[in-house]
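The values are calculated or read from the model by the stated rules, or taken from the named source; none is laboratory data. These numbers come from a predicted model, not from an experiment. Every residue, glycine among them, receives a Cβ derived from its backbone with ideal geometry; neighbour counts consider all protein chains shown. Side chains included, ligands, DNA and RNA excluded: accessible areas come from the protein's heavy atoms. Shrake-Rupley method; radii C 1.70, N 1.55, O 1.52, S 1.80 Å.
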Amino acid sequence: MNGEEAGRYVITTLEAAGYSAYLVGGAVRDYCRGVINRDIDVATSANVEDIQTLFTKTIDVGIKHGTLVIPIMGIPVEVSTFKGQTIEEDLSKRDFTINAMAIGKDGHLIDPFGGQQDVSKSVLRTIHNSDRPFIEDPLRLLRALRFALKFNLIIDHTTQTHINHHAKLIHNTAVERIANEIEKMTKPVMLRRDWKRLFSQPLIAELPFVFSDEQLSNILLKNYKEATLFNSPLAWWVYVLYQPSHDKTRDALNFYKRSKELSKNVLMIQQSVNDYFEHGWQDWDVYRLGEERLHIAMSLLNDLTKGKFNATFWQRKFIMLPIKKKEDMHINGKIILSHYTDLPGWELGRVLDQLERDVVAGVLKNHEKALLVRVEEVLNK
């Protein structure tokens, strides 16, 4: 079963019980674009209690807003009660015309605001060209930028005027919601035109810490190369919050309440970039980064040096390392303790760290016997 079939099953079940139900949101928009959207949303006249009665399993993702997720053969279908009495009234309360369309079980497209035409013309505009969506929920200001970037849309002049006029309203939005929207904004490939579109928006200047390093922003705007690639949220946040100051980057991560894991990785990449500019890299620097972080650090350095960074050299350095991670060593704490039963924890950590550094530097073979000899040497220092 695919997403479309799961959505049809939910709609059929609701209609069989006497309720109206329609496919809405991104799936309809992308249907008009000729692409598949795996996120399936259904709007229905049934209320939450009705929905829970009809389906064996439901997941609460926003009951107070009339929304549940129904898992159908492992496929999540988000079902929401109409905002209003009819599907047309529900669609009128949405943000942009391209998101205000619905499809019934019979396949008929309901498009009261010209969303299909806007999709075909690659235009993003609010319903009735109103600023109401932005006033009701200022996060939609950022959503507009995200949709424009993601789908290569031109923001309608009136809609853009509303965005500019209400840009400061973004400060009325919870920072967690802003951070999540920033994260969704990333594209696998950012072209020069994408950077121009992004940096031309006054709204970006309202976001604390976001692309605040003028050097990097100017380089990306001029985009000396064809494209910047982003293969993970980590890569995107490294660019979004880049600052030559390690402390400012930490402040930015705290402000946007990013996870400890993501923050740790962003700061490690940031520090490695700073280290490169200060005194270059050694094998240990490359090793500590690991493959994913190294790739991101090299991409950033390539941009900051306008293509003068020799990524091939450092990629080869990584490939030639004796080990790629601590687990590759032919010794561990358990083996060492079997020979030195009274070794305290702090001492064990110091020994393992020294062995790891020696192996990476190539001055010690990654063989258990050689490693144990080195343990004895380190302990006798």
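Assorted remarks:
- Meets criteria (outside any helix (DSSP H, G or I), in contact (Cβ under 8 Å) with a residue 12 or more places away in the chain and either more than 30 Å from residue 125 (Cβ to Cβ) or open to solvent by 20 Å² or more (accessible area, probe 1.4 Å) (or both)) for residue 14: no
- Screening the range 62-85 for residues that are closer than 12 Å to residue 6 by Cα and of a type outside the set (A, V, I, L, M) and picking the one that is surrounded by the most Cβ atoms within 10 Å (Cβ to Cβ) gives 78.
- Any hit, the range 36-43, residues being of a type in the set (Asp, Glu) and in contact (Cβ under 8 Å) with a residue 12 or more places away in the chain: yes
- Of everything in the range 221-233 that is under 19 Å from the mean Cα position of the chain (by Cα) and closer than 24 Å to residue 170 by Cβ, the residue that is modelled with the lowest pLDDT is 230.
- Residue check, residue 366 among the polar types (S, T, N, Q), modelled with pLDDT of 95 or more and surrounded by 12 or more Cβ atoms within 10 Å (Cβ to Cβ): yes
- Residues satisfying the stated conditions in the range 311-322, i.e. surrounded by 13 or more Cβ atoms within 10 Å (Cβ to Cβ) and either polar (S, T, N, Q) or over 30 Å from the mean Cα position of the chain (by Cα) (or both): 315, 321, 322
- Total residues in the range 351-380, condition more than 17 Å from residue 288 (Cβ to Cβ) and assigned to a helix (DSSP H, G or I): 13
- Residues in the range 44-80 that are at negative phi, among the aliphatic types (A, V, I, L, M) and assigned to a loop (DSSP other than H, G, I, E, B): 1 in all.
- Candidates 343, 348, filtered to the one that is assigned to a helix (DSSP H, G or I) and either in contact with a helix residue (DSSP H, G or I) (Cβ under 8 Å, 6 or more places away or on another chain) or of a type in the set (S, T, N, Q) (or both): 348
- When residues of the range 281-301 are limited to those that are hydrophobic (A, V, I, L, M, F, W, C) and under 10 Å from residue 314 (Cβ atoms), the one surrounded by the most Cβ atoms within 10 Å (Cβ to Cβ): 297
- Listed by first and then second residue, the pairs with beta-carbon distance under 9 Å, at least 6 apart or on different chains, first residue in the range 345-368 and within 16 Å of residue 335 (Cβ to Cβ), second open to solvent by 60 Å² or more (accessible area, probe 1.4 Å) and polar (S, T, N, Q), are 352/332.
- Some residue of the range 336-345 being at pLDDT below 95, loosely packed, with under 14 Cβ neighbours inside 10 Å, under 25 Å from residue 261 (Cβ atoms) and not polar (S, T, N, Q): yes
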